[in-house]
Amino acid sequence: MPIQKGAKPVDINKRRVINGEDADVIQLYPMRHTFAWEAYNVGNANHWLPTEMSMQKDIEQWKSKDALSEDERTAFKTVLGFFTTADSIAANNIVLAFYRHITSPECRMYLLRQAYEEAIHTHAYQYIVESLALDESEIFNMYREVDAIYNKDAFILSFNEGIFDRGFQTGTFSSDQKFLENIAVFSLILEGIFFYSSFAVMFGFQRQNKMPGSAEQIQYIMRDESQHLNFGINMMNAIKEEQPELWTADFQAHLVDLVRKAVVLEYTFAQEVFPRGIFGMNAAGFKQYIEHIADRRLERVGLPVQYGVENPFPWMSEAADLSKEKNFFETRVTEYQIGGALEW
Ligand code: FE
C-alpha cells in the first residue's frame with residue numbers, strides 16, 4: 001500500500017484483527033491487541049532448540065531388544081508420523097492465511113514468532129528421526145499412508161481451500177466467517193485437539209522412563225502449542241467483539257459440529273495407534289480424554305460444552321490445560337537453565 005505522506009498516527013479505535021480500516025500493518029503502536037504482545041514475549045522467554053536435548057538414552061532404548069515392546073515401537077513411530085507433517089501444515093496456514101489477512105501489527109508480530117516455533121517443532125521431529133536412525137521416508141510419508149493420520153490431515157487441509165486462493169479477501173460477511181472458521185479449525189482443532197492424544201502417548205512413554213529425550217522435546221512443543229492455542233482463542237474472541245454480526249447461531253452450530261467431527265477423527269486415530277492400549281491408557285480412556293479437552297476449547301470461545309465428562313488422564317491436565325500453573329515437570333533434571341527452561 002502507498003504511504004500517505006503527512007498522515008496522522010493510526011487511530012487505535014480503528015485497529016482490527018481483520019479488516020482494520022487504516023490497514024496500517026507497519027505501526028506497532030498504538031497497540032490494541034495486547035494479548036499478542038504478551039504472547040510474543042512469552043514465546044521469547046520459552047525459546048528452546050531440539051539439538052540441546054540429549055537423545056543418548058533414547059538411542060540405547062531404541063537399539064535394545066527388550067527396552068520397548070512392538071506395540072510401543074509402533075505407537076512411537078505413528079505418533080511421530082503425525083507430528084512430522086502437522087507443524088508444517090500449521091506453519092503454511094500461519095504464513096499463507098493468517099499473516100496475509102490479519103491487519104493488527106501486534107498480532108502479526110506474534111505470528112512471526114509462532115511460525116518460527118512451528119519450524120523448531122518440525123526440526124525436533126527431524127532430530128528424533130535422525131537420532132534413532134528411523135526410515136525418514138516411512139515417517140515423513142505416513143500422512144499419506146496411514147489412514148488415521150491421512151483422515152485428520154485431509155480434514156484440516158480442506159479448510160485451506162478458498163482461503164489460499166490469491167483472490168481471497170476478507171471484508172464480506174461470508175469471507176469473514178470463512179476466515180473465522182479457518183482460525184477455529186487451525187487453533188482449536190489442529191493445535192488444540194489433534195496434537196493431544198499424541199502428546200498423551202509421549203508422556204505415557206515418559207512416565208515409564210522410556211524415550212526421555214524425545215518426550216522432553218515434546219514437553220517443550222506442548223508448552224509452545226498451548227500458547228499458540230491461547231493466541232488463536234484470543235484472536236477469535238477479539239474478532240467476535242469487533243464484528244459481533246459474524247457470530248450467528250448458525251455459525252456457532254457449524255463450529256460445534258466441526259469440533260464434534262474432529263473429536264471422532266482424533267479418537268479413531270488414538271485407537272489405531274494403541275489397538276490394544278498401553279501405559280494404562282485404553283481406547284475408552286482416549287475417547288473420554290479427547291471429549292474432555294474438546295469441551296475446554298469450546299468453553300474458551302463461548303460455545304456450549306458437548307460432552308461433560310471428567311478428565312480420565314489427570315496427569316495430562318496438569319501438563320496440558322492452559323489454566324494450570326503448577327509445574328508438572330518438577331521432577332525433571334533442571335540443569336537446562338537458559339531462558340527456555342520449562343516453567344508452567
Ligand atoms: Fe502451533
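Within region 149-163, is there a residue that is modelled with pLDDT under 95 and open to solvent by 30 Å² or more (accessible area, probe 1.4 Å)?
Yes - at least one qualifying residue is present in region 149-163.
Would you check if there is a residue in region 42-61 being open to solvent by 40 Å² or more (accessible area, probe 1.4 Å), at pLDDT below 95 and among the basic types (Lys, Arg)?
The answer is no; no qualifying residue exists.
Would you pick out the residues in region 259-273 that are open to solvent by 10 Å² or more (accessible area, probe 1.4 Å) and either of a type in the set (Phe, Trp, Tyr) or closer than 25 Å to residue 174 by Cβ (or both)?
The answer is 260, 261, 267.
Residue by residue through region 226-257, note down the ones that are open to solvent by 10 Å² or more (accessible area, probe 1.4 Å), under 21 Å from residue 290 (Cβ atoms) and among the hydrophobic types (A, V, I, L, M, F, W, C).
Within region 226-257, 253, 256 qualify.
In region 70-126, which residues are touching a residue at least 60 places away in the same chain (Cβ under 8 Å), among the charged types (D, E, K, R) and more than 14 Å from the ligand (Cβ to nearest atom)?
71, 72, 77, 106, 108
Just to be sure I understand the filter: pairs with C-beta atoms under 7 Å, separated by 6 or more residues or on different chains, first member in region 3-15 and touching a residue at least 40 places away in the same chain (Cβ under 8 Å), second member in a loop (DSSP other than H, G, I, E, B). Which pairs pass?
Qualifying pairs under 7 Å: 15/32; 15/104.
Considering each residue of region 1-41, count those that are under 20 Å from the mean Cα position of the chain (by Cα) and open to solvent by 60 Å² or more (accessible area, probe 1.4 Å), and give that number.
Selection size over region 1-41: 3.
Here are the criteria: (1) modelled with pLDDT under 90; (2) within 28 Å of residue 77 (Cα to Cα); (3) not β-branched (Val, Ile, Thr). Tell me which single one residue 323 does not satisfy.
(2)
Could you say which residue among 19, 13 is at pLDDT 90 or above and farther than 29 Å from residue 150 by Cα?
19
Residues checked against (1) under 28 Å from residue 49 (Cβ atoms); (2) touching a strand residue (DSSP E or B) at 6+ places or on another chain (Cβ under 9 Å):
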site	(1), (2)
69	no, yes
94	yes, no
110	yes, no
125	yes, no
131	yes, no
138	yes, no
142	yes, no
175	no, no
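Check whether at least one residue in region 276-291 is of a type in the set (A, V, I, L, M) and open to solvent by 30 Å² or more (accessible area, probe 1.4 Å), and report yes or no.
yes
May I ask you to list the residues in region 171-204 that are more than 17 Å from the chain's Cα centre (by Cα) and modelled with pLDDT of 95 or more?
171, 172, 173, 174, 175, 176, 177, 178, 179 - these are the residues of region 171-204 that are more than 17 Å from the chain's Cα centre (by Cα) and modelled with pLDDT of 95 or more.
Output the residue which, of all residues in region 223-238 that are small (Gly, Ala, Ser) and more than 9 Å from the chain's Cα centre (by Cα), is farthest from the ligand (Cβ to nearest atom).
Per the stated criteria, the residue is 238.
To keep it simple, each residue is scored yes or no on (1) farther than 30 Å from residue 21 by Cα; (2) more than 16 Å from the ligand (Cβ to nearest atom); (3) in contact with a His (Cβ under 7 Å, 6 or more places away or on another chain).
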residue	(1), (2), (3)
141	yes, yes, no
149	yes, yes, no
170	no, yes, yes
178	no, yes, no
186	no, no, no
195	yes, no, no
199	yes, no, no
205	yes, yes, no
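The values are calculated or read from the model by the stated rules, or taken from the named source; none is laboratory data. Every value quoted in this text rests on a predicted model; they were computed, and no experiment measured them. FYI the Cβ positions are ideal-geometry reconstructions off the backbone, even for glycines, and counts take in every protein chain you see. What goes into the accessible areas is simple: the full protein's heavy atoms, side chains included, and nothing from ligands, DNA or RNA. Shrake-Rupley method; radii C 1.70, N 1.55, O 1.52, S 1.80 Å.
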